[in-house]
1. For labels at ALA180 and ILE102 in the simple 7 Å Cα→Cβ model, what's the distance in nm?
2. In terms of Cα to Cα distance under 16 Å, which lysines are near enough to LYS302, apart from those fewer than 8 places away along the same chain?
3. If Rh is defined by the Kirkwood formula over all Cα pairs and Rg also comes from Cα, what ratio Rg/Rh do you get for segment 138-193?
4. Set Lys and Arg Cβ to +1 and Asp and Glu Cβ to -1, take the dipole of segment 164-271 about its Cα centre, and tell me which of THR246, ASN187, ALA217 lies farthest positive.
5. Classify segment 307-390 as rounded, prolate or oblate, taking a ≥ b ≥ c as the square roots of the eigenvalues of its Cα gyration tensor: rounded when a/c is under 1.5, otherwise prolate if a/b is larger than b/c and oblate if not.
6. May I ask you to sort ARG408, ARG267 by Cβ crowding, counting other Cβ atoms within 10 Å and putting the fewest first?
7. Counting pairwise Cα distances across the chain, what percent come out greater than 30 angstrom?
8. From the square roots a ≥ b ≥ c of the eigenvalues of the alpha-carbon gyration tensor of segment 390-450, which class results: rounded (a/c under 1.5), prolate (a/b over b/c), or oblate?
Amino acid sequence: MIVKRFISLVLLFSLISAGLYSQKKLWTLEECVRYALERNIQVKQQELQTRVQKNALDLAKLKLLPTLAGNATHNYSFGRALDETTYEFTEHENVRTNNFYIGGNLTIFSGLQNYHSIKKYRYELLASEEDLETIKNNIALSVAMGYLQILLNKELVNATESQLLITRQQIDKTRKLVEAGSVAVGNLLQIEAQAAQEELQLVNLKNQLELSYLSLAQLLELETPAGFEIIIPEISIDTGYIVTGTVEDIFQVACKNRPEILSSEMRLRSSEFDLKIAEGARSPRITMSHSFSTGYSDIRKKLLGIDPSTGPIYGKYTFADQIHDNVNYGIGFSLSLPILNGWQINKNISNSKLSIENSRYALDATRKQLYKNIQQAYADAQAALKKYTASIKAVQSAEESFRYSEQRFNVGLVTPVDYNAAKTQLLRAQSELAQSKYEFVFKIKVLDFYKGIPITLPQ
C-alpha cells in the first residue's frame, strides 16, 4: 500500500512538472526590453549616479541655511585658581568648571555663489537623468537587434528544414527509380550527397540559433538560456512603404528629444554657472555670526548682601543659578574683501571659460554624430526596402525555376546536378529574403527610434 502511494505521488509530481514545462513563458520583445532594463548593471550604476547628483543638489540648497554648532566642557584644575566671584587668585584650590556654548554663522552675501551652485547642480542632475535614458535606449536597441536575430535564425532553420525534407523525398523517389532500373545509381548518390550537405548546413544554422538565444539571454541577465523562448510574431511588411520625412526633418525632431543631445545641453548650462560661481569669488563676503554661552564654577560664591561692619556676605552659588546668571549671547557681522590670493580667482575664471568652450564642442560633436547616425539610418532603411523588394522577386523566380526543374527531374529530363543547383538557388534566395526582411524591420525601427517612437514589431 505504501509503495503504491509513493508511486502515485511520483507520477503526480511528474505530471505537474510536465504541465508547468509545457506552459513555459514565451517572451515578447517589449517584455525582453523591460526585463533587461530592470536588471542591467549599467542602468543600476547610472541610477546610483543620478542619486548622487540629487544629493549634491540638496547639499547646495542646504548651504543657504545658517550653520549651528555647540560644545560643552567639564574641567578640573588644581593649585592656583581664579575666584570668579572676587576675581582674586586662590592658592591650593581644586576647581571644577563647566562651560556651554552654541553658535554659528550665516552667509548673507557671497557674490550669489550659493544661488549659482544650486543652478549648476540642478543641470548636473538633469544631465545625469538624460544619461540614464541614453543607456536605456542603447539597451533597448541591442535587445531588439538580438530578438530579430533569433527570428531570422529561426526562419533560416525552417527554410533549410523544408528544403531537406524535399531532398529526402527525392531520395525516396530516386531510390525507387534506381531499383526499377530507370535511372543510374549515380543520380541517387548525388541526391544523397546534397542531403548530407543540407544536413550540415542545418546543424550550423541551429548552432547559430542557439548562440543568438544565448546572446539575448545574456543581455537580459538570465543565468541560463535553458527554457528561454520568444514569441514568433507574424511580421508583415508593406512593399509600398515610404520612408517619410527628410534627414533634416528627423534630425530636428531628434534634437528636441534625444537624451544624448539634452545631456550635452544640460552640461553646457552647468559649465556656464560654474563660471558665475568663479566670478562670484571676486565679490565681498558678508557673514553674520551668532552665539549663546553660559558656565559654572564650584569656587564661585553668590553675593547675598553687604554687612556695614564686615563687608560682603557670600553664600552657596548653585549650578542652576550660575547657569541662569552667566548667560551670554550676541550677534555680529563681518565683511571680507578679496584683495590678493595668488591670482587663484582669475585662473579659476579662466578655466571655467575654457570648460564652457569644451562643453560647446562636446555639444556640437554630439549633434554632428547624431546627424550622421540619422543620415546612415535613413540611407540604410531605403536600401533595405529596395533589397527586400528585389528579394521577393528573386524568390518568386527561384520558386518557378525549381518547380520546373523538379518536374523535369522526376521524368529524367534534368540531371541531379541541375536539380540541386535549382534547389540551392531557391534556398539562397529564401535566406536572402529572410535577411533582407529583418534587416529592413531593424533599420526602420532605428529610424523611428530617432523620431521618438517606441520600439515595437510591425504586425
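1. Distance between label points: 11.1 nm.
2. Here the lysines satisfying the reach criterion relative to LYS302 are LYS316.
3. Values: Rg = 19.5 Å, Rh = 13.8 Å.
Value, to two decimals: 1.41.
4. ASN187
5. Numbers: a/c = 11.80, a/b = 3.31, b/c = 3.57.
Oblate.
6. Numbers: ARG408 15, ARG267 22.
The order, fewest Cβ neighbours first, is ARG408, ARG267.
7. Values: 74639 of 105111 pairs.
Summing the P(r) of the chain above 30 Å gives 71 percent of all pairs.
8. Working: a/c = 6.50, a/b = 3.99, b/c = 1.63.
Since a/c reaches 1.5 and a/b is larger than b/c, the shape of segment 390-450 is classed as prolate.
No lab work stands behind these numbers, since they all come straight from the coordinates. Everything quoted here is computed from the prediction, not taken from an experiment. Don't worry about glycine lacking a Cβ; one is built from the backbone with ideal geometry, like all the others, and counts go over all protein chains shown.
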